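Only one structure is covered here, and it is reproduced in the block below.
What follows draws every value from the coordinates through simple rules; no lab data is involved. Predicted model only: the values in this text are computed from it and were never measured. Please note: Cβ atoms are built from the backbone with ideal geometry, for glycine as well, and neighbour counts cover all protein chains shown.
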Amino acid sequence: MSPEQIARSMIDRAQLTDPSTAQLLEQALMYAQNPEKYDSTIVFKQLLGWAAHEALAAGLYCFLRYPYDMKHAITLAVITPGDSDSIATIAGALVGAYNGQDCLPGDWLEYIENKDEIENLIEQFSTHCVVH
């Protein structure tokens, strides 16, 4: 599944419960697909992230701009004028879910608090998951 397909899936799901969230996600996809027309400064004036649905759309935008680059996606998120920590969390979660643990910058891994405990939980979780 491509990053754009993931965005479309999110939009479709949001449409079932909250059309305004779906509309913001649709905007995020459009912005990300047209970076020459929509500079991130303009985008983040629209998607400040102070409300949950804005943060979700802004995080999706960061993911779509840098789907294979955790460092750039999170950096883009943290320099926003809005709720940057929430936006960065969402962007990082999407990039991480899409690429797996190997996308984390190596120099960032040494600073993760409780890293051993988290890795143990990941191992336990992965042994109980069934991929369809």
Problem - Centroid-to-centroid separation of the stretch 88-132 and the stretch 35-49 [C-alpha atoms, Å] - result: 28
Problem - Reachable lysines, given that their alpha-carbon falls under 17 Å from the alpha-carbon of K45 and they are not under 8 places away in the same chain - result: K37
Handout entry: Neighbourhood net charge (14 Å Cβ-Cβ; Lys/Arg +1, Asp/Glu -1) for Y68
Key = -1
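State whether the stretch 3-104 is rounded, prolate or oblate according to the following rule on the C-alpha gyration tensor (a ≥ b ≥ c being the square roots of its eigenvalues): a/c under 1.5 gives rounded; otherwise a/b larger than b/c gives prolate, and the remaining case gives oblate. Before the final figure, lay out the partial values.
Working: a/c = 1.41, a/b = 1.15, b/c = 1.23.
Since a/c stays below 1.5, the shape of the stretch 3-104 is classed as rounded.
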Practice task
Quick one: order T80, T17, T89 by neighbouring beta-carbon count within 10 Å, fewest to most.
Solution key: T17, T89, T80
